[in-house]
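Beneath this line is the structure, given in structure tokens, with notes to follow.
Just so it is clear, none of the values below were taken in a lab; they were calculated from the coordinates. All figures in this text were calculated on a predicted structure; none of them were measured in a lab. Methodologically, a virtual Cβ is constructed for each residue, glycine included, from the backbone with ideal geometry; neighbour enumeration extends over all protein chains shown.
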Amino acid sequence: MAQNAPFAVYARALKEARAYWPHIGLVLLLGLAWTPLALLTPLPLKLIVDNVLGDQPLPAYVAWAVPAGFGTGTEAVLALAIILSVMIALFGIVHTAADWLLREYVAERMVLDFRGRLFLHSLHTSLLSHFKRGSHEPAYRINLDAPALQWTALYGIVPVILALTSLGSMLYVTSLIAPRLALVALATAVPIILLIHMNQARMRNKWHGVREKESAAQSVVQEALGALRVVTVFGQEQREQQRYLGAARAGLRARLRVVQLEGVFSMGLGLATALGTTTILYLGVRDVQAGAIAVGDLLLIMGYIGQLYGPLQTIGNHITGQQRAIASAERAFGMLDEKPMVEERPGACALDEARGEIVFDDVTFAYPNTERPTLRNVKLRLPAGASVGIIGRSGAGKSTLINLLVRMFDPQQGRILLDGQDIRDLKIADLRRQFSMVSQEVVLFSTTVAENIAYAKPGATRAEIMEAARRADAHAFISRLPQGYDTPVGDSGMLMSGGERQRISLARAFLKDAPILLLDEPTSALDNQTEAAITECLERLVRGRTVLIIAHHQTVLREVDFLFRVDDGRVLEENRVPEIVPTLLKVTG
């Protein structure tokens with residue numbers, strides 16, 4: 001996402017947070033309720049100086065609010081000042097607590113929903129973007145950039161509106177008491193506003209660099225932990241630590257440079273406000289000496305001036321700090337703006353259950369930034385209920401056939417038909433519901449055995465899960481686990497053996513009961529004994545389905561109806577010699 005002007009980012013943040021507009025409005029109203037109390041804060045001190053210690057008459061704007069019979073003597077005014085001071089303090093405490101609780105509730109709920117949207121969107125984007133950037137970049141943006149929504153939509157806009165309201169109120173009241181001092185205050189505020197404006201773009205660019213470097217450091221952590229076995233076997237723990245520290249130090253240096261700039265900016269704000277306050281104090285003292293205003297009025301004005309420069313400093317420091325949030329928000333919105341490589345067409349057709357006839361009609365596909373297509377003019381017909389073997393060297397494009405079939409990508413040329421219908425005309429969810437897959441790389445989630453099996457059919461009953469496990473010959477070993485079906489499988493299933501993981505994967509396929517089965521080297525990583533046992537389960541699983549079996553060598557395949565070889569981007573039917581392809585897998589139905 002290109003870097004935008006702050007106003008564009010704030011507008012986008014409000015758009016993304018539109019479900020919380022009523023809550024943001026309530027926060028704003030609650031904040032505005034403090035402005036009258038802020039105007040009253042220095043009043044008790046004026047009453048004590050002018051009307052208790054001095055002999056000034058009670059101001060008209062106070063006298064009309066004094067209850068009848070309360071009196072206007074010295075003791076009564078002192079009591080009034082004390083009561084007013086206590087009430088302002090109590091209201092301030094209640095207001096601060098209510099404001100904090102409401103803001104935190106709205107902010108956390110807003111960020112949680114936004115993270116959920118980012119996560120779902122990242123799951124829908126193309127696999128190619130994940131291959132290019134890795135999983136660390138979306139994870140960093142979801143976890144660390146997403147909170148920028150609250151700092152822009154809530155903490156970015158509301159405080160500025162409140163500060164400007166307070167600033168206008170203080171200037172107006174000050175102008176009623178001493179117009180010259182109000183004019184001086186406004187004049188000294190101009191350099192502060194200019195300083196704020198001049199630093200926005202620079203700070204935001206710096207924070208973009210910080211986020212990029214911190215994301216790079218996070219990627220080192222995820223890569224090392226994801227390849228922990230390799231790191232341990234080769235004894236590269238120290239090397240990975242140094243690699244992480246190198247990336248982290250780069251992020252630290254970038255962050256410190258930004259913090260230094262923020263410090264200089266804060267000092268400039270402090271000097272400007274100090275100069276303005278000193279000037280107004282000097283002129284105010286001269287006005288008191290000349291009898292133009294009372295001492296209490298000077299104290300009142302200085303109280304307002306403090307609250308006038310306070311909002312200015314708040315706006316200045318806030319906008320400076322906001323550049324960090326704006327940079328993160330731009331990264332998060334950039335992720336949300338990524339278009340999926342595969343999109344569902346308007347008016348896509350529903351599909352209940354396919355028969356299983358598959359046709360590749362002159363399909364050509366090339367990955368981005370590659371010189372040659374991975375697949376070229378592929379013509380392939382798979383009758384419903386047939387078993388088809390696909391062989392070829394690694395990288396020849398066998399898995400690409402599967403990815404195109406389930407619409408992970410779309411071909412640049414040609415079309416793929418399912419039961420005579422272009423798969424691009426089908427609803428994506430309905431299309432993918434027609435497939436089950438068992439692959440060499442079994443993917444298990446860090447949850448229980450039962451939940452991993454039920455991943456294929458959300459809402460499946462325990463009886464259905466157990467029946468699927470029995471058909472996959474997994475029930476016996478699951479029953480022996482410490483918690484049975486409720487036993488956690490560990491991170492990526494690492495608490496299970498390779499054979500156990502594959503059986504859970506088979507149970508998942510049995511439970512889904514899809515009409516088309518995709519087998520991607522399902523037994524290549526197993527020992528001979530386990531492979532034989534898994535093969536028996538596969539024989540039951542393939543019955544009555546269209547089956548696509550991917551393998552590197554013909555000898556891995558069992559008897560199939562059709563055998564094709566992928567070579568140089570083309571798919572050619574293989575002339576089989578019976579003794580080369582042993583009869584191992586008989587597909588019936």
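On the basis of the beta-carbon distance and an R0 of 35 Å, A463 and E536 show a calculated FRET efficiency of 0.90. Looking at the chain, the DSSP beta bridges with both ends there are about 45 percent antiparallel.
Taken over the C-alpha atoms, region 357-403 has Rg and Dmax values of 11.8, 37 angstrom. Were the residues from F7 through Q421 laid out at 0.36 nm apart, the gain over their Cα-Cα distance would be 144.3 nm. Each of A327, L256, A89 was placed along the dipole of the chain (beta-carbon charges, centred on the mean Cα), and the one lying farthest toward the positive end is L256. Only DSSP H runs of four or more residues enter the estimate; each adds -39500 (n - 2.57), and after division by the residues of the chain the mean residue ellipticity at 222 nm equals -19000 deg cm²/dmol.
Proximity of backbone amide H atoms, modeled 1.01 Å from N, is registered between L382 and I358, V359, F360 at under 5 Å, excluding neighbours fewer than 5 places apart on the same chain. Site pair L225 and D486 shows an inter-label distance of 2.8 nm when each label is modelled 7 Å from Cα along Cα→Cβ. For the chain, the fraction of C-alpha pairs more than 49 angstrom apart is 37%.
Determine the distance separating the Cα centre of region 440-493 from the Cα centre of region 232-299; give it in Å without decimals. That distance is 56 Å. Could you work out how far helix 6-16 tilts from the main Cα principal axis of the chain, as a 0 to 90 degree angle to the nearest 10? Approximately 60 degrees, to the nearest 10. Relative to the longest principal axis of the C-alpha atoms of the chain, give the angle of the C-alpha long axis of helix 528-541, reported between 0 and 90° and rounded to the nearest 10°. Around 90 degrees separate the two axes.
Axis angle, to the nearest 10 degrees, between helix 237-289 and the longest C-alpha principal axis of the chain: 20 degrees.
Let's test the formula: R0 of 25 Å, r as the Cβ-Cβ distance of L572 and Y367. What FRET efficiency results, to the nearest 0.05? Efficiency, rounded to the nearest 0.05: 0.70.
With neighbour counts taken as other beta-carbon atoms within 10 Å, the residues S492, S219 rank, fewest first, as S492, S219. Amide H contacts of D520 (H built 1.01 Å from N, in plane; Pro and chain starts excluded): V438, S439, Q440, I550 sit under 5 Å, all sequence-distant by 5 or more or on other chains.
For region 438-446, putting each phi into the Karplus relation 6.51 cos²θ - 1.76 cosθ + 1.60 with θ = phi - 60° gives couplings of 10, 10, 5, 8, 6, 9, 10, 9, 6 Hz, in residue order, rounded to whole numbers and with x for Gly and Pro. Under a 5 Å amide H cut-off, with hydrogens placed 1.01 Å from N, T447 pairs with V489, G490 among residues at least 5 apart or on other chains. Remark: region 42-53, residue by residue, has Karplus-estimated 3J(HN,Hα) of x, 5, x, 5, 4, 4, 5, 6, 7, 10, 9, 7 Hz, where x stands for each Gly or Pro and the curve is 6.51 cos²θ - 1.76 cosθ + 1.60 at θ = phi - 60°.
In plain terms, the C-alpha convex hull of region 358-573 casts an average shadow of 12.2 nm² when viewed from every direction. With the simple model of a label 7 Å out from the Cα in the direction of the Cβ, L256 to A350 spans 6.3 nm.
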